[in-house]
1. Against the condition in contact with a helix residue (DSSP H, G or I) (Cβ under 7 Å, 6 or more places away or on another chain) and modelled with pLDDT under 85, how does residue 155 come out, does it pass?
2. Being under 18 Å from residue 50 (Cα atoms) and either free of Cβ contacts under 8 Å to residues at least 12 places away in the same chain or over 15 Å from the mean Cα position of the chain (by Cα) (or both) is the filter here, so list the residues in the range 165-181 that pass it.
3. Which residue is nearest to residue 92 (Cα to Cα), if the candidates are limited to the range 163-179 and must be at pLDDT below 90 and surrounded by fewer than 15 Cβ atoms within 10 Å (Cβ to Cβ)?
4. What number of residues within the range 181-204 satisfy the criterion of being under 19 Å from residue 37 (Cα atoms) and surrounded by 15 or more Cβ atoms within 10 Å (Cβ to Cβ)?
5. What do you reckon, is residue 147 in contact with a helix residue (DSSP H, G or I) (Cβ under 7 Å, 6 or more places away or on another chain), in contact (Cβ under 8 Å) with a residue 24 or more places away in the chain and assigned to a loop (DSSP other than H, G, I, E, B)?
6. Restricting to the range 189-204, name every residue that is in a loop (DSSP other than H, G, I, E, B) and either without any contact (Cβ under 8 Å) to a residue 60 or more places away in the chain or touching a helix residue (DSSP H, G or I) at 6+ places or on another chain (Cβ under 9 Å) (or both).
7. Let me confirm something: among 27, 41, which residue is modelled with pLDDT of 95 or more and assigned to a loop (DSSP other than H, G, I, E, B)?
């Protein structure tokens with residue numbers, strides 16, 4: 001059975017945020033709002049929750065997941081960031097971008113892209129996501145809430161909750177979220193390369 005928590009998109013109640021954190025600390029899997037749609041989230045140390053995501057989304061074991069971070073200080077702990085990449089990320093965050101970067105030794109091997117030893121990094125702008133990350137006090141592994149064999153976008157949170165009911169522990173309902181995915185930018189070379197054009201726009 002999945003719990004549903006209705007929360008304000010702006011100025012969320014701290015008690016609601018504390019409840020979200022408690023579910024994660026107990027080993028739970030949640031769905032929460034970001035600036036590019038609803039996202040599945042779990043603690044990076046929780047391998048069991050990650051396996052649940054793989055089954056839920058019918059992914060292969062080599063699928064790359066993304067670390068959602070509070071700010072650039074979190075990014076520096078997880079990824080190796082050159083000066084030029086740091087300047088780009090600083091200008092584009094928080095926002096709907098996912099950056100591919102070389103992983104540091106603090107990232108377990110199973111959380112990295114197998115061949116390139118890279119990870120995905122996001123700094124979301126949504127106030128609920130930021131409040132959650134600030135209270136949890138650690139980056140959160142995440143995966144877009146895209147269901148297998150989903151023929152069309154689910155715009156209504158009632159329908160989205162019905163679709164995942166019983167598959168996760170907590171659905172955090174903050175109302176409508178834009179469904180366009182984040183823009184993925186590869187930062188592993190000497191200049192940024194867009195791997196997927198999404199909601200985020202590079203204008204320089």
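1. Considered against the rule, which asks whether it is in contact with a helix residue (DSSP H, G or I) (Cβ under 7 Å, 6 or more places away or on another chain) and modelled with pLDDT under 85, residue 155 comes out as no.
2. Answer for the range 165-181, where residues must be under 18 Å from residue 50 (Cα atoms) and either free of Cβ contacts under 8 Å to residues at least 12 places away in the same chain or over 15 Å from the mean Cα position of the chain (by Cα) (or both): 165, 166, 167, 168, 169, 170.
3. Result: 178.
4. 8
5. yes
6. Result: 189, 190, 191, 192, 197, 200, 201, 202, 203, 204.
7. 27
Conditions (1) without any contact (Cβ under 8 Å) to a residue 40 or more places away in the chain; (2) closer than 18 Å to residue 43 by Cα, marked per residue:
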residue	(1), (2)
58	no, no
70	no, yes
79	no, yes
84	no, no
87	yes, no
93	yes, no
96	no, no
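The values are calculated or read from the model by the stated rules, or taken from the named source; none is laboratory data. In this text the structure is predicted, and so the values were computed from the model without any measurement. Note that each Cβ is placed from the backbone with ideal geometry, even for glycine, and that neighbours are counted across all protein chains shown.
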